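The values are calculated or read from the model by the stated rules, or taken from the named source; none is laboratory data. This one's a predicted model, so the numbers in the text were calculated from it and none came from an experiment. Virtual Cβ from ideal backbone geometry, glycine too; neighbours counted across all protein chains shown.
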Amino acid sequence: MHSDHFAAMRQSIIDGAPESASTLARQALELGIGPLEAIDQGYVPGMTEVGTQYAQHQMFLPDMLASAEAMKAAMAVLEPELKRRGGERPSAGTVILGTTKGDIHEIGKTLVGTLLTAHGFKVHDLGVDVPSEQFAVKARELAADVVGVSALLTTTMRGQKSVVEVLDREQLRPRVKIIVGGAPVTRQWAEEIGADGYAKDAISAVALVRDLIQR
Ligand code: B1M
């Protein structure tokens with residue numbers, strides 16, 4: 001029904017056009033398009049196309065950066081709405097979130113945090129390029145239930161293994177559960193490094209965290 005609108009959203013990301021991305025996000029809400037629907041069907045496909053074109057050398061680093069800015073402009077409109085729809089409710093648990101050391105990709109991790117917050121979890125986002133030890137320090141300080149580690153580069157995935165090792169060494173496990181995610185991450189990798197769970201996207205991350213806390 002809204003396919004033209006989704007196509008325009010996708011194009012705003014490919015064009016690296018923050019103003020257009022944010023205007024389209026506002027219009028989407030006015031048209032009754034859900035914020036998650038806008039992200040999934042409009043903006044994320046744009047990012048996927050950018051990644052493909054970058055890999056094929058049809059786009060370069062500054063283009064990818066401009067696309068990320070456009071994505072952030074859209075998210076700035078959609079995130080408050082996602083959180084608002086989640087509403088106020090008692091905390092379902094505390095989650096520490098961050099992207100591994102050496103990795104500055106933040107969009108997917110931030111989306112995971114937004115959805116967790118919208119579903120009643122208290123989220124402490126450590127940001128990007130986070131040393132493994134910092135996950136452990138915050139988990140202890142906030143008596144966290146779950147630590148979530150994102151990695152977007154094959155080279156920084158090993159930072160997820162390092163977080164597992166540090167939390168083991170600090171004897172924070174098994175009380176604190178560890179989940180991992182990010183484009184190159186697989187369930188097999190999660191099992192191999194001894195993480196408690198893997199989520200392929202932000203929606204399944206919410207279900208996974210809920211499941212791990214209730215277990
Ligand atoms: Co980068 N980059 N990048 N980049 N970038 C990728 C990841 C890449 C696949 C592009 C490509 O070559 N096709 C490639 C990685 C190759 C690899 O290692 N396999 C790549 C590269 C090579 C690089 C640089 C090395 C480029 C260079 O400098 N030569 C460099 C590295 C910088 C660094 O981190 N040290 C770099 C830089 C950048 C920018 C800074 C320009 C920018 C990031 C800006 C920012 O975040 N503020 C950027 C971008 C935008 C991308 C792509 C195009 C898009 C990533 C994104 O935001 N996707 C990406 C290509 C792609 O993924 N198709 C690419 C949208 C987001 C919603 O999806 O992040 O996958 P995603 O998150 C999803 C799931 O993965 C999951 O849920 C999310 C929502 O559903 N998920 C989790 C994520 N984290 C989770 C955690 C969980 C659970 C689920 O639990 C804890």
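Of all the criteria given as (1) more than 24 Å from VAL130 (Cα to Cα); (2) in a loop (DSSP other than H, G, I, E, B), the one not satisfied by GLU19 is (2). Once region 11-38 is narrowed to residues that are at pLDDT 90 or above and within 12 Å of the ligand (Cβ to nearest atom), the residue that is farthest from MET71 (Cα to Cα) is ILE14.
Somewhere in region 116-123, is a residue among the hydroxyl-bearing types (Ser, Thr, Tyr), closer than 21 Å to LEU29 by Cβ and within 9 Å of the ligand (Cβ to nearest atom)? Among the residues of region 116-123, not one is among the hydroxyl-bearing types (Ser, Thr, Tyr), closer than 21 Å to LEU29 by Cβ and within 9 Å of the ligand (Cβ to nearest atom), which makes the answer no. Among the residues of region 89-96, are any part of a helix (DSSP H, G or I) and among the charged types (D, E, K, R)? No, every residue in region 89-96 fails to be part of a helix (DSSP H, G or I) and among the charged types (D, E, K, R). Criterion applied to VAL146, VAL185 was being within 18 Å of the chain's Cα centre (by Cα) and closer than 20 Å to ILE104 by Cα, and the one residue passing it is VAL185. Exactly one residue out of VAL95, VAL128, VAL137, VAL123 is touching a helix residue (DSSP H, G or I) at 6+ places or on another chain (Cβ under 7 Å) and modelled with pLDDT of 95 or more: that is VAL95. Could you list, ordered by first residue, the pairs with Cβ atoms under 6 Å in which the first is in region 112-123 and at negative phi and in a helix (DSSP H, G or I) and the second is of a type in the set (D, E, K, R) and within 14 Å of the ligand (Cβ to nearest atom), at least 6 apart or interchain? Final answer for the pair search is GLY113/ASP125; THR114/GLU79.
Quick check on ALA151: is it at pLDDT 95 or above, more than 15 Å from VAL206 (Cβ to Cβ), within 14 Å of the ligand (Cβ to nearest atom) and over 16 Å from the mean Cα position of the chain (by Cα)? In short, no.
Pairing residues of region 152-164 that are farther than 7 Å from THR100 by Cβ with residues that are within 8 Å of the ligand (Cβ to nearest atom) and of a type in the set (D, E, K, R), at Cβ distances under 8 Å and at least 6 apart in sequence or on separate chains, gives LEU152/ASP103; LEU153/ASP103.
All conditions but one from (1) touching a strand residue (DSSP E or B) at 6+ places or on another chain (Cβ under 7 Å); (2) over 18 Å from VAL209 (Cα atoms); (3) hydrophobic (A, V, I, L, M, F, W, C) apply to LEU152; the one that does not is (1). Of all the listed residues (ALA76, ALA38, ALA118), the sole one being over 13 Å from ILE13 (Cα atoms), out of contact with any Ser or Thr (no Cβ under 9 Å at 6 or more places or on another chain) and not β-branched (Val, Ile, Thr) is ALA118.
Just to be sure before I move on: is ALA144 within 13 Å of the ligand (Cβ to nearest atom), in a loop (DSSP other than H, G, I, E, B), among the small types (Gly, Ala, Ser) and more than 28 Å from THR48 (Cα to Cα) in the structure I sent? When the stated conditions are applied, ALA144 passes them.
Filtering region 167-194 to residues that are small (Gly, Ala, Ser) and near the ligand (Cβ under 9 Å from one of its atoms) leaves GLY181, GLY182, ALA183. Selection within region 179-212: residues that are outside any helix (DSSP H, G or I) and among the hydrophobic types (A, V, I, L, M, F, W, C). The member of this set that is surrounded by the most Cβ atoms within 10 Å (Cβ to Cβ) is VAL180.
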